[in-house]
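The values are calculated or read from the model by the stated rules, or taken from the named source; none is laboratory data. Model, not experiment: these values are computed from the prediction. Neighbour counts run over all protein chains shown; Cβ positions are idealised from the backbone, glycine included.
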Amino acid sequence: MIDLKETNVLQDARIFGTMSEFEHEQVMLCHDKATGLKAIIAIHNTVLGPGLGGTRFFNYTSESDALRDVLRLSRGMTYKAAISGLNLGGAKAVIIGDPKTLKSEGLFRKFGRFIENLNGKYITAEDVGTTTRDMEYISMETKHVVGLPEIKGGGGDPSPVTAYGVFMGMKASAKFVYGSDSLNGKTVAVQGIGKVGWHLVERLHAEGAKIYVSDINDAQLQKAASDFGAIVVDGNDLFDLNVDIFAPCAMGAILNTDTISRLKCSIVAGAANNQLEHEDEHGNMLKDRNIVYAPDFLINAGGLINVYSEHTGYNREIALSQAENIYDTTLEILKTAQKENTHSQKAAIKLAENRIAQMRSVKSTI
Ligand code: NAD
């Protein structure tokens with residue numbers, strides 16, 4: 001018999017303490033010895049609807065790192081869905097292990113069974129380390145999965161819709177700062193021209209913006225220079241450019257004490273998740289420097305909007321028109337933040353929380 005005391009299984013895990021701090025509803029640990037599956041599904045909030053969030057497959061250094069990540073990410077999904085006006089809650093899953101060696105049909109189908117057991121309370125999708133092929137395996141065991149290939153009735157690559165939402169958020173920020181939302185003649189520095197960054201640059205070019213780009217992929221940079229006349233900048237120099245708008249479209253925590261103090265732009269609006277290294281400290285620092293920040297989880301919600309459309313019967317036109325609403329919401333938040341003398345990320349979170357509170361009371365009324 002296994003002695004739980006000896007395995008120290010719960011030592012220092014503080015699972016309920018952390019769930020209570022972040023206000024999570026449910027956390028499910030999924031294990032299957034035969035396939036090596038070790039997964040955590042965190043359901044943060046389902047007041048607005050089922051919790052939707054991707055499955056991240058990552059070789060975490062510890063199980064508590066994995067738990068912390070899934071709790072943090074699922075909470076972010078609640079806010080993203082709420083502020084986008086979607087009838088969706090927030091959730092996320094992580095599979096622990098090296099995706100290169102651990103992936104198998106059996107593992108994903110077993111994981112699909114665990115999702116099925118939640119009866120639609122959690123809907124999964126692609127994320128870092130998982131692909132549309134993996135989603136197909138999951139879909140063999142549960143219908144609660146989105147992000148399937150177009151040929152299978154899915155929405156395909158969400159990046160064009162994400163880029164459109166970012167573009168709308170950028171235009172709304174321009175309207176707020178310059179009084180006009182035209183980006184014609186504006187200078188924009190885009191960090192990262194991958195899937196989203198590329199589509200964003202395409203739109204900026206069509207609007208007549210002057211574009212600066214940085215990336216670690218040289219071939220992509222050369223292509224942007226020849227297709228859109230973009231000016232290639234060495235990665236680190238991008239922060240010092242005298243431009244109107246800075247668009248982080250590569251990685252998170254890019255807005256920190258060092259980088260913010262170097263920025264000369266009047267707007268930051270990009271696709272990357274969790275751009276502010278420390279939400280309050282760096283949100284305030286941008287505000288104090290008079291740099292308007294378009295909240296990341298609001299303006300990059302096009303990807304979520306795209307998979308939500310898949311959940312309700314995919315239609316790209318509907319997804320794009322829903323992403324267009326990002327313009328109005330961004331403008332509303334920037335005005336509120338100004339009126340309340342607070343930073344825009346905080347104002348955005350407050351708006352999301354207000355919608356959840358309102359819907360909670362709607363649903364409690366018979
Ligand atoms: P991607 O991997 O296709 O593109 C990222 C690009 O950034 C790549 O070209 C990469 O070479 C580049 N890059 C990496 N490190 C860099 C560095 N130090 N400096 C400059 N460039 C660097 O990813 P993506 O799908 O375009 O997503 C971009 C960001 O937007 C990510 O933070 C992602 O989480 C977020 N996001 C994406 C979507 C979506 O629909 N794809 C939705 C919401 C949020």
Selection count where residues are in contact with a Gly (Cβ under 7 Å, 6 or more places away or on another chain) and among the β-branched types (V, I, T), scope region 65-122: 1
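Could you say which residue among V213, V166, V146 is at pLDDT below 95 and either hydrophobic (A, V, I, L, M, F, W, C) or more than 13 Å from the ligand (Cβ to nearest atom) (or both)? Walk me through it before giving the result.
Values: V213 fails: at pLDDT below 95; V166 fails: at pLDDT below 95.
When all the criteria are applied, what remains is V146.
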Test set (1) among the hydrophobic types (A, V, I, L, M, F, W, C); (2) within 11 Å of the ligand (Cβ to nearest atom); (3) surrounded by fewer than 20 Cβ atoms within 10 Å (Cβ to Cβ); (4) closer than 24 Å to L320 by Cα - A219 fails condition number: (4)
Could you go through region 349-360 and let me know if any residue there is over 23 Å from L183 (Cβ atoms), touching a residue at least 40 places away in the same chain (Cβ under 8 Å), outside the structural domain of T124 (by TED's automatic domain parsing) and out of contact with any helix residue (DSSP H, G or I) (no Cβ under 9 Å at 6 or more places or on another chain). yes
With the requirement that a residue be touching a Lys or Arg at 6+ places or on another chain (Cβ under 7 Å) and crowded, with 18+ Cβ neighbours inside 10 Å, what does region 20-45 give you? L37, A42, I43, H44
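Which one is nearest to H24 (Cα to Cα), of the residues in region 329-349 that are in a helix (DSSP H, G or I) and polar (S, T, N, Q)? Reasoning before the result, please.
First, pick out the residues of region 329-349 that are in a helix (DSSP H, G or I): 329-339, 344-349.
Subsequent filtering for residues that are polar (S, T, N, Q) retains 329-330, 336, 338, 344-345.
Numbers: T329: 26, T330: 27, T336: 28, Q338: 31, S344: 24, Q345: 21 Å.
Ranking the qualifying residues of region 329-349, first place goes to Q345.
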Restricting attention to region 175-197, and to residues there that are assigned to a helix (DSSP H, G or I) and among the basic types (K, R), which single residue is farthest from the ligand (Cβ to nearest atom)? K175
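Do any helices (runs of 4 or more DSSP H) entirely within region 19-131 hold 3 or more residues that are closer than 27 Å to S344 by Cβ, and if so, which? Walk me through how you get there before you give the answer.
Numbers: elements: 63-83, 99-102, 105-117.
It comes to 63-83.
Residue by residue, here is whether (1) in a loop (DSSP other than H, G, I, E, B); (2) of a type in the set (A, V, I, L, M, F, W, C); (3) touching a Ser or Thr at 6+ places or on another chain (Cβ under 9 Å); (4) more than 16 Å from the ligand (Cβ to nearest atom) holds:
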{"site": "T259", "(1), (2), (3), (4)": "no, no, no, no"}
{"site": "C265", "(1), (2), (3), (4)": "yes, yes, yes, yes"}
{"site": "I305", "(1), (2), (3), (4)": "no, yes, yes, no"}
{"site": "L351", "(1), (2), (3), (4)": "no, yes, yes, yes"}
